[in-house]
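The values are calculated or read from the model by the stated rules, or taken from the named source; none is laboratory data. Values in this document were obtained by computation on a predicted structure and should not be read as measured data. Please note: Cβ atoms are built from the backbone with ideal geometry, for glycine as well, and neighbour counts cover all protein chains shown.
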Amino acid sequence: MNSKASNKDEIITVVTGLPRSGTSMMMQMLAAGGLPPWTDEVRSSDTDNPKGYYEYEKVKSLARDNSWLDKAKGHAIKVVAPLLPSLPPRFYRIIFMERDIDEVLRSQSEMLKRGGKTGARLSTEQLAAVFQGHLRKAEELIHNADYPVLHVSYRACVEKPSTVAHNVKEFIGSNLDEASMTEVVDDTLYRQRG
């Protein structure tokens, strides 16, 4: 399905990537730039995401109920890579956050420890393989559906936020405020550097 819509208000901007890959940061940038986020604030900010998660709880059950999705047109919504296959055919443009897999795993591990959780009973190698599988499926889906996609490096986002803000503005094709997008990036939150 070719997802190029003539009316930009019909497009849903999907921010995706693995958990801990910078999806919340990108949502913050888009919101600061002027693209409204589709969120419900059920999950509040914490030590791991002090600026918020920018999530919509019903995304977790997309496979069972997507009746609400049309209301998100003209907004940005976070859908992590493992849930991307649950998206029904619509007009989407995708911002795909990419981060070194070792950094993702370390960040995930630290978050689970802080939350007093043990996580999946998988070795680091097994979990890396699972995550790589999620990424492959997400990439295949995006390619097969011919969705417009912008790949954004987490590291570049932190180290060169003004460049990333400009690239995102060009991709979105609207009057996003690049300076405001740049200002929300906090490089002190890049804790698990490879």
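Got a sec? Which of Asp48, Asp70 is closer than 24 Å to Leu176 by Cα, at pLDDT below 95 and over 14 Å from the mean Cα position of the chain (by Cα)? Give the steps one after another, and end with the answer.
Details: Asp48 fails: closer than 24 Å to Leu176 by Cα.
So the residue among Asp48, Asp70 that is closer than 24 Å to Leu176 by Cα, at pLDDT below 95 and over 14 Å from the mean Cα position of the chain (by Cα) is Asp70.
Which pairs turn up if I take residues in region 152-177 that are within 17 Å of Pro37 (Cα to Cα) and look for partners that are in a helix (DSSP H, G or I) and not acidic (Asp, Glu) with beta carbon separation below 6 Å, at least 6 apart in sequence or on another chain?
Ala165/Met181; Ala165/Thr182; Leu176/Gly33; Leu176/Lys169; Asp177/Gly33
Condition (residue is closer than 21 Å to Lys160 by Cα, at pLDDT 95 or above, within 16 Å of the chain's Cα centre (by Cα) and not in a loop (DSSP other than H, G, I, E, B)) applied to region 8-19: is it met by at least one residue?
Scanning region 8-19 turns up at least one residue that is closer than 21 Å to Lys160 by Cα, at pLDDT 95 or above, within 16 Å of the chain's Cα centre (by Cα) and not in a loop (DSSP other than H, G, I, E, B).
Scan region 108-120 and give yes if some residue there is modelled with pLDDT under 75, assigned to a helix (DSSP H, G or I), under 30 Å from Pro88 (Cβ atoms) and of a type in the set (S, T, N, Q), otherwise no.
Scanning region 108-120, I find at least one residue that is modelled with pLDDT under 75, assigned to a helix (DSSP H, G or I), under 30 Å from Pro88 (Cβ atoms) and of a type in the set (S, T, N, Q), so the answer is yes.
Could we say that Val185 is modelled with pLDDT of 95 or more, among the aliphatic types (A, V, I, L, M), under 15 Å from Met26 (Cβ atoms) and surrounded by 13 or more Cβ atoms within 10 Å (Cβ to Cβ) here? Outline the logic, then answer.
Numbers: modelled with pLDDT of 95 or more: no; among the aliphatic types (A, V, I, L, M): yes; under 15 Å from Met26 (Cβ atoms): yes; surrounded by 13 or more Cβ atoms within 10 Å (Cβ to Cβ): yes.
No.
Looking only at region 83-100, which residues are outside any strand (DSSP E or B) and either free of Cβ contacts under 8 Å to residues at least 60 places away in the same chain or buried (at least 18 other Cβ atoms within 10 Å of the Cβ) (or both)? So that I can check it myself, show each step before the final result.
From region 83-100, those outside any strand (DSSP E or B) are 83-91, 99-100; that's our starting set.
Those that are outside any strand (DSSP E or B) and either free of Cβ contacts under 8 Å to residues at least 60 places away in the same chain or buried (at least 18 other Cβ atoms within 10 Å of the Cβ) (or both): Leu83, Leu84, Pro85, Ser86, Leu87, Pro88, Arg90, Phe91, Arg99.
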